[in-house]
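Let me begin by presenting the structure, written as structure tokens, before commenting on it.
The values are calculated or read from the model by the stated rules, or taken from the named source; none is laboratory data. Because the structure is predicted, anything quoted here is derived from the model rather than measured. Cβ sites come from the backbone with ideal geometry, for glycine too, and all protein chains shown count toward neighbours. Just so you know, the surface numbers come from the protein's heavy atoms only, side chains and all, with ligands and any DNA or RNA stripped out. Shrake-Rupley method; radii C 1.70, N 1.55, O 1.52, S 1.80 Å.
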Amino acid sequence: EAQVTQNPRYLITVTGKKLTVTCSQNMNHEYMSWYRQDPGLGLRQIYYSMNVEVTDKGDVPEGYKVSRKEKRNFPLILESPSPNQTSLYFCASSLLFRGLSEKLFFGSGTQLSVL
Amino acid sequence: AQSVTQLDSQVPVFEEAPVELRCNYSSSVSVYLFWYVQYPNQGLQLLLKYLSGSTLVESINGFEAEFNKSQTSFHLRKPSVHISDTAEYFCAVIWMDSSYKLIFGSGTRLLVRP
């Protein structure tokens with residue numbers, strides 16, 4: 001089954017404790033992206049990647065890191081989480097050729113709470 | 001700056017009533033337009049899209065949206081909603097300039113009551 005898998009589904013942590021949210025897709029998609037969803041703000045892009053070893057900042061990259069060492073994986077790293085990073089996070093992927101004009105495939109989300 | 005506006009944060013409606021969810025975007029240059037739906041505790045799914053051609057596009061579950069270039073709008077409509085349509089709906093736009101960036105609106109929660 002074609003899917004984007006995020007883990008964990010829920011995460012509670014404390015300020016300053018490094019964490020990683022994993023994202024994996026099995027569709028051989030070149031394009032992958034991370035979004036955060038906050039009430040009243042919709043989805044805002046954190047980082048995106050057009051292919052292996054190619055990453056770029058989105059609209060709200062501060063406090064986040066990503067890596068794309070393999071095509072299928074695109075982990076989101078919070079080196080020193082802060083309470084304002086409490087949010088619902090989504091990973092998404094698509095084909096690059098006509099990709100965004102086709103559709104994005106989304107993971108089920110990771111609800112992060114930073115205390 | 002490019003922006004997507006969904007003025008209604010929540011739309012309550014009774015079952016079998018018609019509904020319209022509004023979406024406006026900031027510029028009239030060439031765009032691709034999308035509606036995504038998010039059911040509770042799930043990720044977003046593509047509902048329908050406009051790339052070119054007929055300005056009226058339809059989904060398989062009875063929703064339709066019409067591209068209006070002069071009003072820079074892409075409102076989503078359904079003539080008769082079901083309880084199962086309760087979800088959050090996001091309008092999204094790609095501007096066909098050099099950025100080719102997908103921007104989402106803030107979302108509209110459709111609440112269908114029996």
request  = Considering only residues that are of a type in the set (S, T, N, Q) and assigned to a loop (DSSP other than H, G, I, E, B), look in region B:91-114 and name the one that is farthest from the other protein chains (Cβ to nearest Cβ).
outcome  = B:Ser98
request  = Quickly run through region A:23-52 and pick out the residues that are part of a strand (DSSP E or B) and in contact (Cβ under 8 Å) with a residue 60 or more places away in the chain.
outcome  = A:Cys23, A:Gln25, A:Tyr31, A:Met32, A:Ser33, A:Gln37
request  = Search region B:88-104 for residues being surrounded by fewer than 21 Cβ atoms within 10 Å (Cβ to Cβ) and over 20 Å from A:Trp34 (Cβ atoms), and hand back the single one that is farthest from the chain's Cα centre (by Cα).
outcome  = B:Ser98
ask   = Residue check, A:Tyr89 against (1) in a loop (DSSP other than H, G, I, E, B); (2) over 15 Å from A:Met50 (Cα atoms); (3) in contact with a Ser or Thr (Cβ under 7 Å, 6 or more places away or on another chain), all met but one. Which one?
value = (1)
ask   = Can you name the number of the only condition in (1) closer than 24 Å to A:Tyr35 by Cα; (2) over 12 Å from the mean Cα position of the chain (by Cα); (3) open to solvent by less than 80 Å² (accessible area, probe 1.4 Å); (4) not polar (S, T, N, Q) that B:Glu15 fails?
value = (1)
query = Scanning for something open to solvent by 50 Å² or more (accessible area, probe 1.4 Å) and under 17 Å from A:Met32 (Cβ atoms), does region A:71-89 turn up at least one residue?
reply = yes
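Each row is one residue, and each column tells you yes or no for (1) within 27 Å of B:Gln10 (Cβ to Cβ); (2) within 11 Å of chain B (Cβ to nearest Cβ); (3) in contact with a Phe, Trp or Tyr (Cβ under 7 Å, 6 or more places away or on another chain).
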{"site": "A:Lys18", "(1), (2), (3)": "no, no, no"}
{"site": "A:Glu30", "(1), (2), (3)": "no, no, no"}
{"site": "A:Arg44", "(1), (2), (3)": "yes, yes, yes"}
{"site": "A:Asn51", "(1), (2), (3)": "no, no, no"}
{"site": "A:Lys57", "(1), (2), (3)": "no, no, yes"}
{"site": "A:Asn84", "(1), (2), (3)": "yes, no, no"}
